[in-house]
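Novice: The structure under discussion is supplied below as structure tokens; questions concerning it will follow.
The values are calculated or read from the model by the stated rules, or taken from the named source; none is laboratory data. Small disclaimer: the values here were computed from a predicted structure and weren't measured. Note that each Cβ is placed from the backbone with ideal geometry, even for glycine, and that neighbours are counted across all protein chains shown. Surface areas here come from the heavy atoms of the whole protein model, side chains and all, with no ligands, DNA or RNA. Shrake-Rupley method; radii C 1.70, N 1.55, O 1.52, S 1.80 Å.
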Amino acid sequence: MRSTASSLRARRIRLHETTYLICSTQMGSVPDGEWKKLDGLCLEKDMGDYTYEVCLFGEARQKPNKGGSTFSLGKFSSWNKLAKPGEFEYYTKQRYTQGTKCWNGPQRSVELLLSCGTENMLLTVTELEKCEYQMTATTPALCRPVEDENRRDEL
């Protein structure tokens with residue numbers, strides 16, 4: 001029993017280390033190659049009445065689970081406009097705009113907030129304002145190497 005627990009602990013440590021080493025990201029930037037691998041990857045989240053889908057660098061959609069029409073929530077239009085290309089923060093937000101117009105409202109749009117995670121996964125979907133959505137997702141493409149995390153802790 002003790003050797004099984006020890007083996008499991010060692011595997012968890014290796015998994016944790018691997019998670020941060022997946023990307024060869026340098027402090028403050030994300031290689032373009034990491035994003036090219038994700039081009040067209042679709043992430044989905046079932047939220048009861050609707051399933052929300054965002055295809056990275058493509059289109060975000062709201063699909064009814066009980067019949068009806070699928071609505072475009074917008075097409076990829078930009079990265080984080082509050083940061084400069086090459087800065088880490090630049091890659092933490094994507095905008096999807098020009099979606100299907102809401103009845104008596106604006107065209108649908110999405111702000112996708114990205115963070116480091118072991119999987120490419122859509123976590124949450126919230127309608128902040130009428131037809132203006134915020135989604136959160138994780139991706140290994142934003143994970144920094146372990147040595148960068150350790151260096152930041154020392155500061």
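Novice: Going by amide H atoms built from the backbone, whose H comes under 5 Å of the H on residue 58, apart from near neighbours?
Specialist: Here the answer is 40, 76, since their amide H atoms fall under 5 Å of that of residue 58.
Novice: Can you give the local net charge around residue 71? Use residues other than it whose beta-carbon is closer than 9 angstrom to its beta-carbon, Lys and Arg +1, Asp and Glu -1.
Specialist: Details: positive: 61, 63, 108; negative: none.
With Lys, Arg at +1 and Asp, Glu at -1, the neighbours total +3.
Novice: Starting from the Cα of residue 115, step 7 Å along the direction of its Cβ; do the same at residue 38; then give the gap between the two resulting points in nm.
Specialist: 1.4
Novice: Right, something else. Per residue, how much accessible surface does the range 54-155 expose to a 1.4 Å probe? Answer in Å², no decimals.
Specialist: Heavy-atom SASA per residue in the range 54-155 reads 55 Å².
Novice: If you roll a 1.4 angstrom probe over the protein chains with everything in place, what fraction of the accessible area of the range 53-155 belongs to carbon and sulfur, to the nearest %? Can you show the working numbers first?
Specialist: On the way: 2740 of 5590 Å².
Percent of accessible area from carbon and sulfur atoms in the range 53-155: 49.
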